[in-house]
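Below is one structure, written out as structure tokens; the observations come after it.
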Amino acid sequence: MEARYSIVFYFLMLLALSSAFAFPSKKQYKPCKHLVLYFHDIIYNGKNAGNATSAIVAAPDGANLTILAGQFHFGNIAVFDDPITLDNNLHSKPVGRAQGLYIYDTKNTFTSWLGFTFVLNSTDHQGTINFSGADPIMVKSRDISIVGGTGDFFMHRGIATIMTDAYEGEVYFRLRVDIKFYECWLYPLHQSFSKLIHNSSNALF
Amino acid sequence: MEARYSIVFYFLMLLALSSAFAFPSKKQYKPCKHLVLYFHDIIYNGKNAGNATSAIVAAPDGANLTILAGQFHFGNIAVFDDPITLDNNLHSKPVGRAQGLYIYDTKNTFTSWLGFTFVLNSTDHQGTINFSGADPIMVKSRDISIVGGTGDFFMHRGIATIMTDAYEGEVYFRLRVDIKFYECWLYPLHQSFSKLIHNSSNALF
Amino acid sequence: MEARYSIVFYFLMLLALSSAFAFPSKKQYKPCKHLVLYFHDIIYNGKNAGNATSAIVAAPDGANLTILAGQFHFGNIAVFDDPITLDNNLHSKPVGRAQGLYIYDTKNTFTSWLGFTFVLNSTDHQGTINFSGADPIMVKSRDISIVGGTGDFFMHRGIATIMTDAYEGEVYFRLRVDIKFYECWLYPLHQSFSKLIHNSSNALF
């Protein structure tokens, strides 16, 4: 009879472990951290030195550095230091800076490639988030990779969904960045189990 | 006697867990996902505007944008939008585009540094794969990092082994990219255990 | 009575599992791998072709490629192939090369953005480490992301803490890079549990 207890226990144990490892419940279907932020890019056109936040620094043969190149700007590289805001208002108090580069990389449509960092410095968030990926500008909603982070975003990874929120006369654009972290680590409990724990409040026990 | 059952059970449990966690079997020695793709780069040289897929957009002092610089092209940055094919034929139907930049970064041999994305759009694969790393061109087979992905490659990480499959007259080159994912996530079951599950079909139970 | 054995066993098992998964002890509070390295950058200024290790290859409108631009060098992109040493001596035997690019991306202070790779080739380390992140130069100690690695650093991730160890006349700088890996994978046992095992010598059993 006691053997039966063991058998019952075995199945309970099996159930507990398998529910934790093998069949995650649907209610866990969400990011471990979520942020929506905007950033604002004003490109230098030769006349707006005062408020430009980015500059063309490379261009294909025959193009110059104050007018985006023909052929869908193919070959332009821009360096930027753009304010990040919580809403879509350029004049809202910035919570950080978006810094890095974007390149226009296609001759027959607008696409760009992004390598940049959000440097956040507000009461809510202190730390950096590093992004990399292709940005097919004409697609309404497109995903890039979050490849790492520091500070509050220590070792985080995830996906950022980008939408063009405004585009004005090839001088100003505003991007809405929907940041979804799927791998969150606790800081400073920074060894490998931290991230499992963080993501699995209802797992195992 | 029943205590003995428990002891037997304990050792079985120990065995089951330890085989899953502590002594992974040799047969698991493989990527969780594997792709081999080719991409084709035709650099603009001032005469091939029609079929060029990349352009020199930055060069060191004294060099121009239609001829790769002396000193092993040190200091050149090229922006590219290259077709990706399943085989080594430039004229095969593309399954996507390789987009980003490469730089030549050494003065005494050919090495480059790569930051680019595979944008795949075929019946087999929908999604992006983001790459970053050093490419010592003269080495037959070299590894770069896969730092993230989206769509079918949601949150994936891995290693890409690159081989120069052809190099013709400093205008055309073709790279074979052997993509090995070692961290695979299920989409949309995107919480942290997903990746464990995906990679461990024969683990635990 | 034997049921009691099972209950005792259950609690022991619970304890064992929970100590491994849910309450990592403070003594695990450390990276799974740790390196401190230095790299040395000598930028080309038109006169030092012999020993320069980097070159300005892009600049904003109006600037040239042998003098870092005004406005805190905003808009300059430099490509580099810098020696890596174990100590702060430029003339020590290199253990590898730091290769990639840095950009100056702010108009009102010195900040840069980094995308580069350590290519290590010594008796101690064979492999590459890929870095990405914002570098607020005027801050004494700043963190960037380690987004991947190859060889000895197969699939590794972590944080690099950068300090400016020397800065001389806008021609030479030396960075101290404190590399802390928090996600280590065994090579070639490269399936997903490898990294758990590597990081948890005192966990589970």
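The values are calculated or read from the model by the stated rules, or taken from the named source; none is laboratory data. In this text, all values refer to a predicted model and were calculated from it rather than measured experimentally. Note that each Cβ is placed from the backbone with ideal geometry, even for glycine, and that neighbours are counted across all protein chains shown. For the accessible areas, the whole protein counts, side chains as well, though only heavy atoms, and no ligand, DNA or RNA atoms are used. Shrake-Rupley method; radii C 1.70, N 1.55, O 1.52, S 1.80 Å.
Close amide H pairs (under 5 Å, H built 1.01 Å from N) link residue C:59 with C:77, residues at least 5 positions away or on another chain.
Put simply, the amide H of residue A:84, placed in the peptide plane, has neighbours under 5 Å in A:95, A:96, A:97, A:98, leaving out anything fewer than 5 places away on its chain. For region B:160-175, putting each phi into the Karplus relation 6.51 cos²θ - 1.76 cosθ + 1.60 with θ = phi - 60° gives couplings of 10, 9, 9, 10, 6, 8, 7, 8, 10, x, 6, 10, 10, 9, 10, 10 Hz, in residue order, rounded to whole numbers and with x for Gly and Pro. Rounded to whole numbers, the Karplus 3J(HN,Hα) couplings from phi for region B:51-62 are 10, 5, 10, 9, 9, 6, 10, 9, 8, x, 3, x Hz, using 6.51 cos²θ - 1.76 cosθ + 1.60 with θ = phi - 60°, and x at Gly and Pro. Once C-alpha pairs closer than 8 Å and six or more residues apart are averaged by separation and normalised to the residue number of region A:126-184, the relative contact order reads 29 percent.
Provide the per residue accessible area, probe 1.4 Å, for region A:51-125, rounded to a whole number of square angstrom.
36
The order of C:157, C:174 by accessible area, most exposed first and with a 1.4 Å probe, is C:174, C:157.
As a fraction of the 1.4 Å probe accessible area of region B:138-182, surface on carbon and sulfur atoms comes out at 52 percent. When +1 charges are put on Lys and Arg Cβ atoms and -1 charges on Asp and Glu Cβ atoms, the dipole computed for region A:31-156 relative to its Cα centre reaches about 120 debye.
Taking amide H positions as modeled 1.01 Å from N, with prolines and chain starts lacking one, the residues under 5 Å from residue C:151 and 5 or more places away or on another chain are C:128. Using a 1.4 angstrom probe on protein heavy atoms only, the contact between A and C buries about 4000 square angstrom of accessible area, both sides summed. Residues of region C:117-134 that lose at least 20 Å² of accessible area (1.4 Å probe, protein heavy atoms only) when the other protein chains are present, relative to their chain alone, are C:117, C:130, C:132, C:134. Summing +1 for each Lys or Arg and -1 for each Asp or Glu among the other residues whose beta-carbon sits under 13 angstrom from that of residue A:46 gives -1. For region C:79-104, a drop of 50 Å² or more in accessible area on going from the chain alone to the assembled protein chains (1.4 Å probe) is found at C:79, C:99, C:101. Once both labels are positioned 7 Å from their Cα atoms along Cα-to-Cβ, the gap between residue B:49 and residue B:186 label points is 5.3 nm. Couplings for region A:109-125, taken from phi via the Karplus curve 6.51 cos²θ - 1.76 cosθ + 1.60 with θ = phi - 60°, read 6, 8, 9, 9, 10, 10, x, 7, 9, 8, 9, 9, 8, 9, 5, 7, 9 Hz in order; Gly and Pro are left as x.
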